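Heads up: the structure comes next, in structure tokens.
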Amino acid sequence: MGFGAHNYQNDPRNASIQININGKLYPREEAKVSVFDSGFILGDGVWEGIRLHQGKLAFIDSHMGRLFSGAKALDMDIGLSKKELVERIYATLEANDMHDGVHIRLMVTRGEKATPYQDPRITVTPATIVIIPEYKASVPNPGLKLFTVHVRRGYPDVQDPKLNSHSKLNCIFACIQATKAGADEALMLDPHGFVATCNSTHFFIVRNGEVWTSSGDYCLGGITRANVIRTCEENNIPVFQKNFSLTDVYSADEAFCTGTFGGLTPVINVDGRSIGNESMGPMTQKLSNLYAALVEQSCHQEDA
């Protein structure tokens, strides 16, 4: 099940998972939030997708940093410290006897409203914190097909794309357009016509031994994206965050997407143009291996 870079196989163990809502565990079929919740009414919240690898939460400090930064920007009080929130995640995993191959969706909304209305001042409860852990192993993907959509990543004074908020309608709109065009995911441009990102992953190209990604001005501060850039820098691979156009994409040697769930996923076709040999290229394979080693390193550092 799942599509594109988020392709996975159903796991029957997920039918009996326990979901944590505000510190209390519920069976999957009983896990519910109020219809007055800010997240349901308005998409007023922030979230993270986190991987459990060999009993450890990969890059958890980066995930907590992004979550709390987003909440602060939205003037939202999570009500827990970073340490307390991480402890709650681990307690949820322990209650489910989970150790590896798990994807966690952590969602924080402003809380319940007195009535359906956007003003944060009518919120009457503390923040709603939901932790959904699922067994999700990514299915190796031979390559994604992307379609460039008309929906742009906008200016930060409209809705800052750096916020990992629940309000994802522009990305959903982009995803729908790409799906209707027969593609796996949408490639989105910035307001100036340069390549920005995909609707649910970040985008890279490889040209003449160099790795390029967008300037980052119009996309989420991706944790996997940052780690791939870091991996390039630490291994003397030329990497550039820069403006580039679809012309550069169509003539690229390789392309790939990055995300917490799938890691690095090759891109084999963009707008009907074949990229490279329509298979995972040598640079993408090399970076995928180096990224896997970085995940291991991150989890070992948490033990220290």
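The values are calculated or read from the model by the stated rules, or taken from the named source; none is laboratory data. This one's a predicted model, so the numbers in the text were calculated from it and none came from an experiment. Glycine gets a Cβ as well: all are built from the backbone with ideal geometry, and neighbour counts include every protein chain shown.
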Query raised in the report: Do you know which residues across region 151-190 are of a type in the set (Asp, Glu), assigned to a loop (DSSP other than H, G, I, E, B) and either touching a Pro at 6+ places or on another chain (Cβ under 6 Å) or under 20 Å from Ser245 (Cα atoms) (or both)?
Result: Asp190
Report summary line: Every listed condition ((1) of a type in the set (A, V, I, L, M); (2) at pLDDT below 95; (3) farther than 30 Å from Tyr90 by Cβ) holds for Val267 save (2)
Query raised in the report: Quick one: which of Gly79, Gly70, Gly65 is farther than 23 Å from Pro161 by Cβ and among the small types (Gly, Ala, Ser)?
Result: Gly79
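This table checks each residue for (1) within 19 Å of the chain's Cα centre (by Cα); (2) over 15 Å from Asn141 (Cβ atoms); (3) aliphatic (A, V, I, L, M).
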residue	(1), (2), (3)
Asp190	yes, yes, no
Glu234	no, yes, no
Asn243	no, yes, no
Ser251	no, yes, no
Thr258	yes, no, no
Ser274	no, yes, no
Met280	no, no, yes
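Per-residue answers, yes or no, for (1) within 29 Å of Thr179 (Cβ to Cβ); (2) under 16 Å from the mean Cα position of the chain (by Cα); (3) outside the structural domain of Thr179 (by TED's automatic domain parsing):
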residue: Tyr26; (1), (2), (3): no, no, yes
residue: Asp37; (1), (2), (3): yes, no, yes
residue: Trp47; (1), (2), (3): yes, yes, yes
residue: His53; (1), (2), (3): no, no, yes
residue: Leu74; (1), (2), (3): no, no, yes
residue: Ser81; (1), (2), (3): no, no, yes
**Report entry** First in region 166-181 and touching a residue at least 60 places away in the same chain (Cβ under 8 Å) and within 30 Å of Met76 (Cα to Cα), second anywhere and surrounded by 19 or more Cβ atoms within 10 Å (Cβ to Cβ) and among the β-branched types (Val, Ile, Thr), Cβ under 9 Å, 6 or more apart
**Finding:** His166/Val46; His166/Thr109
Query - Top-ranked residue in region 7-65 [being among the small types (Gly, Ala, Ser) and part of a loop (DSSP other than H, G, I, E, B); ranked as surrounded by the most Cβ atoms within 10 Å (Cβ to Cβ)] - result: Ala58
**Report entry** Whichever residue in region 163-203 is surrounded by fewer than 22 Cβ atoms within 10 Å (Cβ to Cβ) and β-branched (Val, Ile, Thr) and, among such residues, is nearest to Val46 (Cα to Cα)
**Finding:** Ile172
**Report entry** Top-ranked residue of region 83-100 - restricted to ones that are farther than 15 Å from Leu25 by Cα and surrounded by fewer than 16 Cβ atoms within 10 Å (Cβ to Cβ), ranked as nearest to the chain's Cα centre (by Cα)
**Finding:** Asp100
Report summary line: Given (1) touching a residue at least 40 places away in the same chain (Cβ under 8 Å); (2) within 21 Å of Asn170 (Cβ to Cβ), Ser214 misses just (1)
Report task. Starting from residues that are aliphatic (A, V, I, L, M) and under 22 Å from the mean Cα position of the chain (by Cα), keep the ones in region 1-16 and report whichever is nearest to Leu169 (Cα to Cα). Result -> Ala5
